[in-house]
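Worksheet for the structure shown next.
The values are calculated or read from the model by the stated rules, or taken from the named source; none is laboratory data. Since we're looking at a predicted model, the values are computed, not measured. Cβ atoms come from the backbone with ideal geometry, glycine included; neighbour counts cover every protein chain shown.
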Amino acid sequence: MPAYRDLLKRIDQGKNIILDGAIGTQLQAMEAPNNPYCWAAMANHTHPYTVRKMHEDYIKAGADIITTNTYSAARHNYEPAGLADLVYELNLRAVVLAQEARERTAKKPVYIAGSVSNFGAWTEEIYDAWMDTGRLRGRNTDFGMRMQGVMTEQQIRRNLDEQVKILVKAGVDFLIAEATGEFQQRKWVFEAVAASGLPFWAGYKCHWDEKRQAILSGYESDMLLEDELEALLPIGGDVVCLFHSDMDDTTRVIPIVKAKWSGPICVYPEAGRRDYVHALAAPGETNKYSVEEWVQFARNWATGGVQIIGGCCRIGVEYIEALGNALCRS
C-alpha cells in the first residue's frame, strides 16, 4: 500500500488534504438519474462516463482524494433495482472509473477511497422502530419502496462483506465507512471495513438536538455522539470523519471528537439539501451556504486542527475548487 502510506506521511507532516465533494447531488446536477433503491449508484450502470467526468472535475478542482460512487452499491441496493447480476460488475466499474479519471487527469498524487455505507440496510426491527417513532413521517413513499425487502442482520453483513471484498480486489487505496442510520447499522459497516485488512477511515454523521442541547449521532438517533465514539472507536480507523452533517453542527462536534480522539480528523459537511431520490429533489433550490461562507467555515476548521476537508450533498466542484485555493494560500 505505498500510495496510502504516502498519504499518511503527508497527514503526519501536517499538510492540508482536500477531499472531493458531493457524489450523488453532483451526478444529479450532471443529469445522471437517481433511483429509490440504489440512489446515485444507478449511474455506474446508466451513465458511467458521467461518473468518470465527475471524478475528473474534482481532480481538476484540486482534490487529493476522490471517493468511489459506491455509497449505495451493495447487493441490497442493486437487487431491488433489478441489477442483482451486476453487483460485482458495477462496484468494479465504480473503482475503474475513478482510476481512469486519475490516470487521465491527475498531475499530482490522488488517492481513491472506497465508500461503504448502510444505505438501504434495514432489518424489520429497525424499520418498525422508525415507524413507531414517526421518523419516516413525510418520507413514506420513498422509504416504503426501499422497505419492500427488509433483511436479516446476517444478510446485511453478508452483503457488506461482499461489497468490501470487491472494492479491495478492484484496487481502492483505502476504505471509508460512511455510516448514517441506527447504531447497529453503523456498527455493521465499521466491522465490515475493519475485517477487510485494508486501511479505513471511520465516518460519523451527527446532528444538533435542540431539546437536549446536545450533539447526537446519525440522522435522528437519540444516542450521544460521545457514547458512539466510545463504542465504535475501538473497532479502528486511521482517521475520524465527520460527514453529511450541517456546517454549524460540524463546528460544534469537533471539540467533542478531539476529547475522544487524538488522531487526524476529516470533515465533509453537507449544504442542507435532501435529494437522495427524485421525490425529495428540489430543482432550483439554492444552497444553504454560499461558496464564500463555506470557505470561511473551512478556514476555521483548518485553523482548529482539521487537516482533511471536503464536502457532501450540494458541496460541488466549485466549492472544492474554492476550498483548494483558500487552503493553498493559507
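What the table shows:
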{"item": "Residue in the range 117-124 that is modelled with pLDDT of 95 or more and either within 25 Å of A22 (Cα to Cα) or polar (S, T, N, Q) (or both) present", "result": "yes"}
{"item": "Evaluation of A271 against (1) within 18 Å of the chain's Cα centre (by Cα); (2) farther than 18 Å from A22 by Cβ (one fails), failing number", "result": "(2)"}
{"item": "Residue check for V172: in a loop (DSSP other than H, G, I, E, B), surrounded by 23 or more Cβ atoms within 10 Å (Cβ to Cβ) and of a type in the set (V, I, T)", "result": "yes"}
{"item": "Single residue of Y58, Y37 found to be more than 23 Å from L86 (Cβ to Cβ) and among the aromatic types (F, W, Y)", "result": "Y58"}
{"item": "Output for the range 75-91, where each listed residue is under 18 Å from R52 (Cβ atoms) and surrounded by 18 or more Cβ atoms within 10 Å (Cβ to Cβ)", "result": "L90, N91"}
{"item": "Single residue of the range 273-304 satisfying the filter (in a loop (DSSP other than H, G, I, E, B) and at pLDDT below 55) that is surrounded by the fewest Cβ atoms within 10 Å (Cβ to Cβ)", "result": "G284"}
{"item": "Options A40, A63, A22; residue that is outside any loop (DSSP other than H, G, I, E, B) and within 24 Å of A322 (Cβ to Cβ)", "result": "A40"}
{"item": "Residue identified as outside any helix (DSSP H, G or I), more than 16 Å from E182 (Cβ to Cβ) and of a type in the set (D, E) among E230, E220, E226, E270", "result": "E270"}
{"item": "Residue in the range 290-307 that is farthest from S262 (Cα to Cα), counting only those that are among the aliphatic types (A, V, I, L, M) and under 19 Å from the mean Cα position of the chain (by Cα)", "result": "A298"}
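Okay, residues lined up against (1) in a loop (DSSP other than H, G, I, E, B); (2) basic (K, R); (3) within 18 Å of H244 (Cβ to Cβ); (4) modelled with pLDDT of 95 or more:
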site	(1), (2), (3), (4)
V96	no, no, no, yes
I112	no, no, no, yes
S115	no, no, yes, yes
I126	no, no, no, no
